[in-house]
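Each value in this text was obtained by applying a stated rule to the coordinates, not by laboratory testing. Predicted model, so just to flag it, every value in this text is computed and none were measured. Glycine also receives a Cβ, built like all others from the backbone with ideal geometry; neighbour counts cover every protein chain displayed.
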Amino acid sequence: MSGKYSFGKTVSTSFDETVARATEALAKEGFGVLTEIDVAATLKKKLGRDMPPYRILGACNPQFAHRAIELEPQIGALLPCNVVVRVDATGKTIVEIMDPDAVLQLFVASVLWAYTGSRDRNSATLRQMSTIDHATRDFPPTFISGGNSDPFTDAHSRPFATRLSRPCVGSWASSRGTGCGGGARSPHGARARGDASRRGA
């Protein structure tokens, strides 16, 4: 099952057993549970409200966390990695974790809003800002890179490479093009075309 920001599954075990098994499974993968928040108990104490069992396990792999923080200190805002064990309205126990792609989509939406005032990737304002429609024969030889989970690979990188190939402008990804009209595929599947003479190869 998957939701807007997470994915997980419904299990047949009880709530308490699921919490224990989730903790054990995390440990086998090198993740320790640093925090354990009993949301149902907290809301009962603070608000006097009853709700089905709901537990948030804050898991952390020290090696992964250290590496991530060294590369990007602000990543701590997303740590630890939360695992939710909860019981739904029908009494079924559910285990869920954050969907990294969903978080990336939130980031992309924020960037689009900051630059265009819209979260729509197909907005007219974003199209006006794009370099795709401004590629001519005078456009410089271009290297295009896109990650496997980069949401702009299909939305921008591949269309841009295709657009550059039309006026025979040198463009390539991680593999060398075979000249105008030829091409090579990058590891991500984007078609890269290039004029070897124009890029000094």
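Some notes on this structure:
- Any hit, region 58-77, residues being free of Cβ contacts under 8 Å to residues at least 40 places away in the same chain and touching a Ser or Thr at 6+ places or on another chain (Cβ under 8 Å): yes
Quick grid of which residues meet (1) in contact (Cβ under 8 Å) with a residue 40 or more places away in the chain; (2) under 18 Å from the mean Cα position of the chain (by Cα); (3) closer than 20 Å to D99 by Cα:
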| position | (1), (2), (3) |
| --- | --- |
| Y5 | yes, yes, yes |
| V19 | yes, no, yes |
| A22 | yes, no, yes |
| G30 | no, no, yes |
| I56 | no, no, yes |
| P80 | yes, yes, yes |
